[in-house]
Amino acid sequence: MRILFITATRIGDAVLSTGLLDHLIRQYPEARLTVACGPDAAPLFAEMPNLERLIPMPKERWSMHWVRLWWSCVCTHWDLIVDLRKSAVPYILSSSRHHTLANSKEPVHRVRLIADVLDLPETPMPHIWIHQERRDEAARLLPNHRPTLAVGPTTNWVAKTWRPENFVALVERLTSPAGILPGAKVAVFGAPHERPQAQPVIDALPKDQVVDLVGRIDLLTVYACLERCAFYVGNDSALMHLAAASGIPTLGLFGPSSETFYAPWGWLAAVARTSESFETIFPKNFDHRSSGTLMDGLTVNAAEDEARKLWARASVRAA
């Protein structure tokens, strides 16, 4: 059996699609899978079981990336095609059946909308596949001598970015003697090009406390490191979704993005948002690319309060 799974360009959206893919792997354990996605997201699938082909799809002018995908798949009869990009490709390939992400104006989280592609009664948790070597490397980077607070101070556009001084103040509170993780190490994550966003946080923390992982490890090793952390707090970003997928308590910080659709997904996930609603802070026709941060409506006090609530909930669940 051959399955073609077409998923997102962006890493965060691709993470949210992995629960559906994991469902397919478990439902059809003998199937050979081909995954097509954006180049940045492709490493997420490199170590998954039953992977026959991984097709990175850099966007091209005149949508030529879709032509190239069709060309690379046209000689195969597909038993199942799942298309989360709503393209024409499933309709012009040979397949026994195909399913496409539906348009929806309902306030439904992206993970649930993806589960509806196959009419699943339960929403599958995002799932990342990694080899043991990744976990061995993570153990070297983050030994278990002290608990680790994971911090994601970066994001893909400035309007969603909480100010560095706020992250520093929150970290100091959470790792203080009265905090949820007294004396914890602090692992700071981010992509190589995001170092200017993360550096002020790194510089403000004691050198013997901070573990600078910004741009130093690949995506799957980032995930393995997150698995070893006790708690994550960060902007609405792909890192946030990776943290939630790893199963650690994850607090996402929201302002000009909607937690209704993109909150971290999981039992141990929560949101702290600005005092302004998404609709107020992100009016129609707003250009996020030209804006500075719109996260000032989220105070350190409010973020700390949500972190403590989530930690208490996680502690009860672990007991």
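Has region 124-135 got any residue that is more than 24 Å from residue 220 (Cβ to Cβ) and without any contact (Cβ under 8 Å) to a residue 60 or more places away in the chain? No, every residue in region 124-135 fails to be more than 24 Å from residue 220 (Cβ to Cβ) and without any contact (Cβ under 8 Å) to a residue 60 or more places away in the chain. Of all residues in region 55-63, one or more are charged (D, E, K, R), without any contact (Cβ under 8 Å) to a residue 40 or more places away in the chain and in the same structural domain as residue 98 (by TED's automatic domain parsing).
Scanning region 154-180 for residues that are touching a Lys or Arg at 6+ places or on another chain (Cβ under 9 Å) and in contact (Cβ under 8 Å) with a residue 40 or more places away in the chain yields 154, 156, 157, 158, 159, 174, 180.
Listed here are the residues, each with its yes/no results for (1) buried (at least 16 other Cβ atoms within 10 Å of the Cβ); (2) closer than 19 Å to residue 37 by Cβ; (3) in contact with a Lys or Arg (Cβ under 9 Å, 6 or more places away or on another chain).
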residue: 70; (1), (2), (3): no, yes, no
residue: 77; (1), (2), (3): no, no, yes
residue: 102; (1), (2), (3): no, no, yes
residue: 115; (1), (2), (3): yes, yes, no
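Counting only residues that are assigned to a loop (DSSP other than H, G, I, E, B), within 17 Å of the chain's Cα centre (by Cα) and surrounded by fewer than 20 Cβ atoms within 10 Å (Cβ to Cβ), region 1-37 holds 2 of them. Looking only at region 76-112, residues that are of a type in the set (A, V, I, L, M) and either closer than 23 Å to residue 47 by Cα or in contact (Cβ under 8 Å) with a residue 40 or more places away in the chain (or both) come to 8 in all. Would you mind stating whether residue 226 is crowded, with 24+ Cβ neighbours inside 10 Å, within 13 Å of the chain's Cα centre (by Cα) and under 22 Å from residue 182 (Cα atoms)? So residue 226 fits the description; yes.
Within region 91-98, is even one residue buried (at least 16 other Cβ atoms within 10 Å of the Cβ) and either farther than 19 Å from residue 117 by Cβ or of a type in the set (Lys, Arg) (or both)? No.
Of the strands (runs of 3 or more DSSP E) that lie entirely inside region 76-176, those containing 3 or more residues that are closer than 19 Å to residue 243 by Cβ span 148-152. The sole residue among 236, 287, 296 that is assigned by TED's automatic domain parsing to the domain that holds residue 198, of a type in the set (D, E, K, R), on the phi < 0 side of the Ramachandran plot and free of Cβ contacts under 8 Å to residues at least 12 places away in the same chain is 287.
The residues on offer are 209, 197, and the sole one that is modelled with pLDDT of 95 or more and over 23 Å from residue 311 (Cβ atoms) is 197. When 10, 68, 85 are checked against the criterion of being at pLDDT 95 or above, closer than 25 Å to residue 224 by Cβ and not assigned by TED's automatic domain parsing to the domain that holds residue 265, a single residue qualifies: 10. Among the residues of region 260-299, just one is buried (at least 18 other Cβ atoms within 10 Å of the Cβ), modelled with pLDDT of 90 or more and assigned to a helix (DSSP H, G or I), namely 262. Looking only at region 18-50, residues that are in contact with a strand residue (DSSP E or B) (Cβ under 8 Å, 6 or more places away or on another chain) and among the hydroxyl-bearing types (Ser, Thr, Tyr) come to 2 in all.
Of all the criteria given as (1) surrounded by 14 or more Cβ atoms within 10 Å (Cβ to Cβ); (2) part of a loop (DSSP other than H, G, I, E, B); (3) in the same structural domain as residue 223 (by TED's automatic domain parsing); (4) not acidic (Asp, Glu), the one not satisfied by residue 183 is (1). The set of residues from region 34-89 being in contact with a His (Cβ under 9 Å, 6 or more places away or on another chain), over 16 Å from residue 11 (Cα atoms) and of a type in the set (D, E, K, R) comprises just one member, 83.
The values are calculated or read from the model by the stated rules, or taken from the named source; none is laboratory data. Please read these numbers as outputs of a predicted model, since none were measured by experiment. FYI the Cβ positions are ideal-geometry reconstructions off the backbone, even for glycines, and counts take in every protein chain you see.
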